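The values are calculated or read from the model by the stated rules, or taken from the named source; none is laboratory data. Here the structure is a predicted model, which means the values were calculated and not measured. For neighbour counting, all protein chains shown are included, and Cβ atoms are generated from backbone atoms with ideal geometry for every residue, glycine included.
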Ligand code: CO
């Protein structure tokens, strides 16, 4: 276990610190989770949901994949979203991208990354949809930063297309879907202001007629 000693020692220290500040924290949390947020973010090791939002375990239900792709045939992602929305009743869904995302940069390059190409094609398609806007930007960095933002916006749009989310909106104003981008360079989160929280937020072709 020597290979993992850094992690295991860190864990002991972390658990002791939390218990010192909040003696009943783990005992209480072990009985129930009531997170208000679902986070769909990138797998990148530099963008951990709890740490960058200053929250503790129990605050955020999390799904992460390469380049925070929201793809409606991804049953892993859909199962997480379904459980979060229908059972945990989260109030907010956050799609969070980050500038300098390796997945987005890989998708923008003309290189093949083998098995991952199929996954990256989701981002290539966002690029294709907004090619004119991207081509108008002056540098590769501006183009990749913008594609990071567009990929998040596309994720927010795709989530609002899900029938069981539209069903929830018939009963109230939750879940609200938000798009954020994180900067690796300064640790700040930036709200893209692309909230979706009602059927009217969805293009007519993507709206379901659901029974009340
Ligand atoms: Co990334």
| message | Six or more apart or on different chains, Cβ atoms under 8 Å: show the pairs whose first residue is in region 121-136 and free of Cβ contacts under 8 Å to residues at least 40 places away in the same chain and whose second is part of a helix (DSSP H, G or I) and surrounded by fewer than 10 Cβ atoms within 10 Å (Cβ to Cβ). | response | none
| task | Return only the number of the condition from (1) in a helix (DSSP H, G or I); (2) under 23 Å from residue 127 (Cβ atoms) that residue 17 does not satisfy. | result | (2)
| Would a scan of region 127-143 turn up a residue that is outside the structural domain of residue 24 (by TED's automatic domain parsing), within 17 Å of the chain's Cα centre (by Cα) and at pLDDT 95 or above? | no
| note | Here the residues within region 15-27 that are exposed (fewer than 11 other Cβ atoms within 10 Å of the Cβ) and closer than 13 Å to residue 57 by Cα are 27
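Residue-wise test of (1) in contact with a strand residue (DSSP E or B) (Cβ under 6 Å, 6 or more places away or on another chain); (2) without any contact (Cβ under 8 Å) to a residue 12 or more places away in the chain; (3) under 17 Å from residue 69 (Cβ atoms).
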| residue | (1), (2), (3) |
| --- | --- |
| 138 | no, yes, no |
| 144 | no, no, yes |
| 154 | no, no, yes |
| 171 | no, yes, no |
| 175 | yes, no, no |
| 183 | no, no, no |
| 189 | yes, no, no |
